[in-house]
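This report concerns only the one structure given below.
The values are calculated or read from the model by the stated rules, or taken from the named source; none is laboratory data. Values in this document were obtained by computation on a predicted structure and should not be read as measured data. Glycine gets a Cβ as well: all are built from the backbone with ideal geometry, and neighbour counts include every protein chain shown. In case anyone asks, the SASA skips ligands and DNA or RNA and just uses the protein heavy atoms, side chains included. Shrake-Rupley method; radii C 1.70, N 1.55, O 1.52, S 1.80 Å.
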Amino acid sequence: MGIFSGLKNLGLGDLEGSDLFAEEEKAEQAAATAAAAAEPVQPEEKDFIFDRSFTCPVCDSTFTSRVMKTGKAKLVSMDLDLRPRYVGIDATKYDVELCPHCKYAALTRYFTAMTPGQVHLIKEQISNKVKLQPHTEDYYTYEEAIERYKIALVCAMVKKAKNSEKAYICLKSAWLLRGYREELESKRQLLPQQREELTQQEMEYLQNAFKGFVEAQKSERYPMCGMDEYTMDYLTAALAYEVGELDMASQYVSRLLASMANNRVKDKARDLKEMIVDKRKELGN
Ligand SMILES: [Zn+2]
C-alpha cells in the first residue's frame, strides 16, 4: 500500500503505484550529471605551457623552448624568498632557455643579451662539451629542468655574467629543488636520504644566491633581475634569514623599515623581523 493506493477510486487507477518523487529524483540525477560534466577537469602541466620559437644569440639557430602561458596559471602564494606558487605548474621550471644546437642556456631575461666576446667563450667552452640527456615528456620534468639550470649556471660562469645574474640562477635553482622535494613528498616518493640531499643542495644554492646578491648590490645598478632596490633588500634579508645569517637579515630589515619602500614591502619586512626574533629565541641568543 502506497500513498497512491486507492486512486482507482478516484478514476486515476493508472497512476496507482506511481513514485511521487520520481521526477525530482530524475531531475536531481540530471543536475548531478550536469554538474559533474561542468566540473573543471584538473588541467595538466602541459596545458599551462606552449612551444615558443627562439633564435640563439650564439649560433643563430632557431629552436623551440617550452614557456608558460601568460595569465593562465593561478598564483596562490609566495614563499618567504619570493618563490611564486601556482596551481598546476611550477613556473620556475620554465624560466631557462637552452639551445639544443650549441647548448647555450640562460634565464629568459638574460638569454639574448650577448657580447661577441661572450659568444666566443660559449662556443669555445660549452658547445663541444655539454651532452644533453634525451627527454620525452610533453612538459619539463624536474630532472630536465634541473639539468637546464645547471647548464645555465655554467654558461653564466663561462660568459662572465654579472653577480646578480649568477645569484638569480642560484636562487631559482634553490626554488626548483624545493619544488622537486615537495612534489616527491606529495607523491610519497621521497626517500629520507634524498630529502637530506635535496635540502642540502637547496641550502647551497641559497647560500650562493645570498652571497651573489650581496656582492651585486655593492657594484650593480637597479633594477636588478627586474627588481627595485627595496625588493632586492627584502629578498637579501629573506635569504640571510634562510641561510642563518641573522645579523645580516636584521640589518637589511632595519634599513628597509627606515626607507621609502612601499607598505607591501615594509609589511613583508615586518613579518620577517618577527621571524628573526623568534629564531633568535629558538637559538637562545
Ligand atoms: Zn645555439
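When the stretch 84-102 is filtered for residues that are part of a loop (DSSP other than H, G, I, E, B) and either open to solvent by less than 30 Å² (accessible area, probe 1.4 Å) or of a type in the set (G, A, S) (or both), the ones remaining, listed by number, are G88, I89, D90, C99, C102.
Look at the stretch 41-64: where a residue is closer than 18 Å to A113 by Cβ and part of a strand (DSSP E or B) and a partner is more than 16 Å from the ligand (Cβ to nearest atom) and aliphatic (A, V, I, L, M), sitting 6+ places away or on another chain with Cβ atoms under 8 Å, you get R52/V67. Starting from residues that are in contact with an Asp or Glu (Cβ under 9 Å, 6 or more places away or on another chain) and either assigned to a strand (DSSP E or B) or aromatic (F, W, Y) (or both), keep the ones in the stretch 65-83 and report whichever is nearest to the ligand (Cβ to nearest atom). Looking at the filtered set, the residue picked out is S65.
The number of residues in the stretch 43-64 that are within 16 Å of the ligand (Cβ to nearest atom) and open to solvent by 50 Å² or more (accessible area, probe 1.4 Å) comes to 6. Within the stretch 96-130, the set of residues being away from the ligand (no atom under 12 Å from the Cβ) and among the small types (G, A, S) comprises A113, G117. Of all residues in the stretch 142-168, those that are open to solvent by less than 30 Å² (accessible area, probe 1.4 Å) have Cβ atoms under 6 Å from Cβ atoms of residues that are among the aromatic types (F, W, Y) and in a helix (DSSP H, G or I), 6 or more apart or on another chain, in Y142/Y180; E165/Y110; A167/F213. The lone criterion from (1) surrounded by 17 or more Cβ atoms within 10 Å (Cβ to Cβ); (2) more than 26 Å from the chain's Cα centre (by Cα); (3) modelled with pLDDT under 95 left unmet by V130 is number (2).
The residues of the stretch 220-256 that are more than 20 Å from the chain's Cα centre (by Cα), open to solvent by less than 50 Å² (accessible area, probe 1.4 Å) and more than 14 Å from F210 (Cβ to Cβ), listed by number, are E220, S250, V253, L256. Considering the conditions (1) acidic (D, E); (2) under 24 Å from P84 (Cβ atoms); (3) not assigned by TED's automatic domain parsing to the domain that holds A161, E185 is excluded by exactly one of them, (3).
Kindly indicate whether E197 is under 17 Å from Y168 (Cβ atoms), surrounded by 13 or more Cβ atoms within 10 Å (Cβ to Cβ) and modelled with pLDDT of 95 or more. So E197 fails the test.
All conditions but one from (1) outside the structural domain of R109 (by TED's automatic domain parsing); (2) touching a helix residue (DSSP H, G or I) at 6+ places or on another chain (Cβ under 6 Å) apply to E274; the one that does not is (2). Being closer than 14 Å to Y149 by Cα, part of a helix (DSSP H, G or I) and touching a helix residue (DSSP H, G or I) at 6+ places or on another chain (Cβ under 7 Å) narrows it down to one residue among L171, L239; which is it? Testing whether each residue is closer than 14 Å to Y149 by Cα, part of a helix (DSSP H, G or I) and touching a helix residue (DSSP H, G or I) at 6+ places or on another chain (Cβ under 7 Å) leaves just L171. Annotation note: Cβ proximity below 6 Å between a residue of the stretch 171-192 that is farther than 24 Å from G226 by Cβ and a residue that is modelled with pLDDT under 95 and open to solvent by less than 20 Å² (accessible area, probe 1.4 Å) (sequence gap 6+ or interchain) occurs for no pair.
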